[in-house]
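Asker: Okay, here's the structure, questions in a sec.
The values are calculated or read from the model by the stated rules, or taken from the named source; none is laboratory data. From a predicted model like this one, the values you see are computed outputs, not experimental measurements. In this analysis, Cβ positions are derived from the backbone assuming ideal geometry, glycine residues included, and neighbour counts consider all displayed protein chains. All accessible areas refer to the heavy atoms of the entire protein, side chains included, with ligands and DNA or RNA removed. Shrake-Rupley method; radii C 1.70, N 1.55, O 1.52, S 1.80 Å.
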Amino acid sequence: MPMGIYRVCLVVITAIVNHPLLFPKENGTVPENTQEIIQKMKEWEERLRLEQLRLEQEIADHEATQKALEKAVEVVVDIKEENLRWDMWTALSMVIFLLIELWRQDFQEGNWQDTGGEEDDMAVLGKAFKGVAFPDKDILASFYEKRILGTTGEMARMREMVEGFADDLLEALRSVCNRDADMEVEDCMGIGSMYENWRVRKPFVCDLIVPFAPPEPYCFRSQTWCSGDSFPPDEQGYGTIKVCRANEDVTGCICDKTKLGEDMLCLLHSQNNTTRPSREMEDLLCFKNTQYLDADQVMKWFQIAVTKAWNRISHKYEFDLSFSLLDSPGALKIKFRSGKSIAFNLTPVVQYENSDVYFISHFPRSSLAADLPSSIHWFLTFAVYERRFIQLVSKTLPANACHVSCLQILSFLHGKQCSLTGPSGLTNYHLKTVMLHLLQARPSQDWAPEKLEARLQDMLKFLERCLHEKKLYHFFIGNGKVPAELGFPIIFQRAEPLNLFRPFVLRRDVYRKTVDTFHEMLRNTSALINEYTVHIPLAHTNGIHKESL
């Protein structure tokens, strides 16, 4: 048995030792597919290398993208922080702006020109005027009746005579003008103190305005300082007038606003129908090389036309007509053979759109008036609306109301004082503006005739306060309380208030002279009135009530 086991083990060992795969013979051959396997292994190694390079590139790109994202996040965070700070400043600025706007609206609509109160004491005019006697209502009433009231009839007769002659003169002017080339002249209108019945000082001068329009096919396109475009402060209250063809849209095409290239044409406007500065524009009284109406050219044309018209009708009248003032081109004077003369102003104007606001070529000068920025700038006059407002308010006032009387007395006092001490920056227009503000501010019953003294004191207080603040606002511009019945253009109501005393800020010498003249007038009020007042019985003088300013 052991021997059998031994033999089996020996056979197994022999078989294992002689297995060809374990101990190949020296002359054995390599399998035929070995080279193919090696080639495939090399190719696989190359693929692994390329894949490794691709993975490394992707990792590098991923890291770069990650860094860019981190940097973008930092930028976004910084922008958010900056926007937060900016939003805070914006919100704060908006709050401040809204507060200012609310204050401005309240100032403009509710209390845009402080008119004072009935409870104010005359001492607000300053300590320097304490002890100055002010005439009582009896003296004022007597002064008004004897010195001022008698001029009303004379003014009415003069208005009638001047208006009749002006209508005849303008009719002759139309006949001498070329209807196809010259301006078309309309009927004249009376404005100012002579037609509002408060002028007191002689010589009486009628102010007439004459609207005119260009010949067909032209029209006027006006632009004011409050129409949207920015105007410098010294041009507020002025506007420009552009002469255009009736079918020309001056705002609808950019070809007039943009310089097109030489090889570009506007498909809407050809070279044949485009309005260009030319001799034709100069014939239409425009400023040289522009389409803007020139006030100086208009006045020259108007003076020549008036001269021709007078030559045609002069044989009908027994007086001479001449231009009286060089600095007022529309000032005319009628000279009778007896030596008497009548002065009146005939000034051409241009209507603003379809309203009764007019561009006036020349305005009466004063020491406070500034020179026009240029001859293409026209001053706007609201005289027609001022006259209508006075007429409208007068219907609601008591019989024989004292508003016109106050204005006449104040105008008389100021005129007399200026004749003694020289002209000042105050004009009759400023005095009328004061009355307009008080007419709107005070109830109707406050203007009863027996309250003449109190209302005159109110006007003096109001005027002194305006001089002290160098601020007197135009009555219509920026006034949101203008009665709707007047049909006043809304664009001027929404405009910023126009300070008529702004020149005082720039011209301190005129301001000082004006204040001194006003103070001197206050001190001389009683003397000036008593000088022109008839004797009042002692019973009245004993009851004189004197108040100190």
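Asker: Give the ranking of LYS316, LYS395 by solvent-accessible surface, highest area first, calculated with a 1.4 Å probe.
Answerer: Values: LYS316 115, LYS395 165 Å².
From most exposed to least exposed: LYS395, LYS316.
Asker: Continuing with this model, one more query. Using 0.36 nm per residue, how much length does the chain from ASP320 to VAL505 gain when fully extended, once their Cα-Cα distance is taken away? Could you put the intermediate results ahead of the total?
Answerer: Details: separation 185, 0.36 × 185 = 66.60 nm, distance 4.42 nm.
Stretched fully, the ASP320-VAL505 segment lengthens by 62.2 nm.
Asker: Taking H as built 1.01 Å from N, whose amide H comes closer than 5 Å to the amide H of ASP207, not counting residues under 5 places away?
Answerer: For ASP207, whose amide H was placed from the backbone, the distant partners under 5 Å are ILE191, MET194, ASN345.
Asker: State the extension gain, in nm to one decimal, for the chain segment bounded by SER394 and LEU55, taking 0.36 nm per residue of separation less the distance between their alpha-carbons. Working shown, then result.
Answerer: Numbers: separation 339, 0.36 × 339 = 122.04 nm, distance 9.79 nm.
Extra length available between SER394 and LEU55 comes to 112.3 nm.
Asker: Same structure, new question: Could you go through region 36-48 in sequence order and give the Karplus-derived ³J(HN,Hα) for each residue, using 6.51 cos²θ - 1.76 cosθ + 1.60 with θ = phi - 60°, rounded to whole Hz, and x for Gly and Pro?
Answerer: In residue order, the calculated couplings are 5, 5, 5, 5, 5, 5, 5, 4, 5, 4, 5, 4, 4 Hz.
Asker: Right, next: Between LEU48 and VAL95, what FRET efficiency follows from the Cβ-Cβ distance if R0 is 41 Å, with the result rounded to 0.05? The partial results should precede the final answer.
Answerer: Numbers: r = 69 Å, r/R0 = 1.69.
The computed FRET efficiency comes out at 0.05.
Asker: Solvent-accessible area of GLU485, probe 1.4 Å, all protein chains present, reported in Å² to the nearest ten, please.
Answerer: GLU485 has an accessible surface of roughly 140 Å² with all protein chains in place.
Asker: What does the highest-first list of 57-63, 429-435, 213-219, 515-521 look like by mean Cβ count within 10 Å? Display every interim value, and only then the final one.
Answerer: On the way: 57-63: 10.0, 429-435: 21.4, 213-219: 14.9, 515-521: 18.0.
So the peptides 57-63, 429-435, 213-219, 515-521, ranked by packing, come out 429-435, 515-521, 213-219, 57-63.
Asker: For region 507-512, just list the computed ³J(HN,Hα) in residue order, Karplus coefficients 6.51, -1.76 and 1.60, θ = phi - 60°, integers in Hz, with x standing in for Gly and Pro.
Answerer: Couplings: 10, 5, 5, 5, 4, 4 Hz.
Asker: A further question follows. Go through LYS242, LYS471 and list them by solvent-accessible area, largest first, probe radius 1.4 Å.
Answerer: Working: LYS242 45, LYS471 70 Å².
Per-residue accessible area, sorted high to low, gives LYS471, LYS242.
Asker: How many nm separate the modelled label positions at ASN247 and SER227, each set 7 Å beyond the Cα in the direction of the Cβ?
Answerer: Those two pseudo-labels are separated by 2.3 nm.
Asker: Further, regarding this structure: Run the simple label-point estimate for ALA527 and SER338 please: 7 Å along Cα→C-beta, distance reported in nm.
Answerer: A separation of 3.7 nm, rounded to one decimal place.
Asker: Round to the nearest 10 and report in Å² the accessible area of PHE212, as given by a 1.4 Å probe over the protein chains' heavy atoms.
Answerer: PHE212 has an accessible surface of roughly 10 Å² with all protein chains in place.
Asker: Probe radius 1.4 Å, ligands and nucleic acids left out: which of SER93, SER411 has the largest accessible area, and how do the rest follow?
Answerer: Sorted descending by solvent-accessible area, the residues read SER93, SER411.
Asker: Nearest 0.05, what FRET efficiency do LYS67 and LYS300 give at R0 = 60 Å with Cβ-Cβ as r?
Answerer: 0.15
Asker: Shifting gears a bit: 5 Å is the cut-off here: which amide hydrogens, built 1.01 Å from N in the peptide plane, fall below it relative to GLY425, excluding neighbours closer than 5 in sequence?
Answerer: For GLY425, the qualifying residues are THR514.
Asker: Roughly how many Å² of LEU50 are accessible to a 1.4 Å probe, to the nearest 10?
Answerer: Accessible surface of LEU50 is approximately 90 Å².
Asker: A further question on this structure: Mean separation of Cα pairs under 8 Å and 6+ residues apart, divided by the residue count of region 380-503: what relative contact order is that in percent?
Answerer: Values: 108 pairs, mean separation 34.8, N = 124.
Relative contact order, region 380-503: 28 percent.
Asker: Now a separate question. In terms of modelled amide H atoms, which long-range or inter-chain residues lie less than 5 Å from the amide H of PHE382?
Answerer: Answer set, sorted by chain and number: none.
Asker: On to the next question. Which order do the peptides 330-338, 71-79 take when ranked by the mean count of other beta-carbon atoms within 10 Å per residue, highest first?
Answerer: On the way: 330-338: 16.2, 71-79: 10.1.
Top of the packing list down: 330-338, 71-79.
Asker: Ranking request for peptides 39-45, 307-313: highest mean number of other beta-carbon atoms within 10 Å first, then the rest in descending order.
Answerer: The densest-packed peptide leads the list: 307-313, 39-45.
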